[in-house]
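Structure first, commentary second.
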Amino acid sequence: MARSSEGGPCCAAAEAAALVRMAGTFHIRGGEGDERYGVHISTSVQAAAKRVYSYFKGMGAEAELLVRRERRFQCRLMYEVHLAGTITNLQVLNELGILSDSFRLESGIPRRFLRRSCCRSAFLRGCFMGAASVNDPLRDAHLEFVTPHAAFADDLAALLAQMGFRPGTYTRRSAYVVYLKGREEVAGLLALAGAHQAALALQEGAVLKEVRAQANRVANCDQANLRRSSRAAQKQLDAIDFLERVGQLRVLSPALQEAAELRRAFPYLGLAELAEEGEVGLTRMAVNHRLRRLVQAAMDAGFSPYEGGSRDESPEGVNRRRAS
């Protein structure tokens, strides 16, 4: 974004005005002459600092580019552009709408930067480079602009609404925050401001997030199906064991006896796999029907299935239950 070459001189002015407004501090000191006023623009983005510095130099302003290391925030490097209070510098700030004709600090957005769509996009780009943030694309998309000026926050929210976005505002301590929520909103603003790669990364992150969520849903569904199949197979095995103990298994039809043998031989297979192991032409539906008939036959003979297994139906088990 800081290396974007979109737009002409009017767009460069709109971008610089927004960047100064968002990242700049206007100083008024005692004394006379050039030292009475000053503007410091501070950013952690080197390309943004060089961009605004080049703009000021191109306008004939006397600017100074400095680098310092912060004591907090992991000692990150900060890039600062300093403007002294010379007449030329103050005139440039006046042209950017930072200072009024009487050299008083303005708080809103100059109307001249909002007339053309290219300038509006450039202004948003400057706002983003000055003091904006976007969260991790794998989380819910959220973009914020932070400014100490209430009037500027109101104008910025109105500009975003005019451009088709749905901004929100709130206060955070002594600052005013204008935000956008949602992948489409945030990606749209990034693309409009010239951050096309960031917009694509956000879209890719959203797709990856959805793929992961879908994979989790499928995995959870598979686990649930596996648990149900396991419980059903155990119930069938318990029913078969019960029928054998009470002497009912051998009197069943050959088809049901074959189903019982299949289930005992392959206790962990699903219905479709059991059908493949059986006689030629045996279908999943037929296997399911036969196993259901086996369980029903066992229940008709007194079998009582329990979740996690059946109770012991041997004579010893029956005697133990009667004794308890």
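Every read-out reported here was derived from the displayed coordinates using simple, explicitly stated rules and does not represent laboratory data. Quantities reported herein were computed from a predicted structural model and do not represent experimental measurements. Glycine also receives a Cβ, built like all others from the backbone with ideal geometry; neighbour counts cover every protein chain displayed.
Could you order peptides 94-102, 155-163 by the average number of other Cβ atoms within 10 Å of their residues, highest first?
The most tightly packed comes first, giving 155-163, 94-102.
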Checklist entry - Gain in length, Phe103 to Ile87, computed as 0.36 nm per residue apart minus the alpha-carbon separation, to one decimal in nm? => result 4.7 nm
Item to check | Mean Cβ count within 10 Å, highest first, over the residues of peptides 127-135, 59-67 | outcome: 127-135, 59-67
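Find the percent of Cα-Cα distances in region 76-126 that exceed 13 Å, and round it to a whole number. Before the final figure, lay out each step's value.
Working: 849 of 1275 pairs.
It works out to 67 percent of all Cα pairs.
Working out 0.36 nm times the residue gap between Glu276 and Asn216, then minus their Cα-Cα distance, what length gain in nm do you get to one decimal? Mind dumping the intermediate values first?
Details: separation 60, 0.36 × 60 = 21.60 nm, distance 3.00 nm.
Taking 0.36 nm per residue and subtracting the Cα distance, the gain is 18.6 nm.
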Checklist entry - Once you put a point 7 Å from the Cα of Lys181 and another 7 Å from the Cα of Ser44, both along the Cβ direction, what distance in nm separates them? => result 2.5 nm
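Could you compute the net charge surrounding Arg292? Neighbours are other residues with a C-beta less than 13 Å from the C-beta of Arg292; K and R count +1, D and E count -1. Write out the running numbers ahead of the final one.
Working: positive: Lys235, Arg263, Arg284, Arg290, Arg293; negative: Asp300.
Overall, the nearby charge balance is +4.
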Checklist outcome for this item: Charge tally for neighbours of His149 with beta carbon under 12 Å away, counting Lys, Arg as +1 and Asp, Glu as -1, is -2
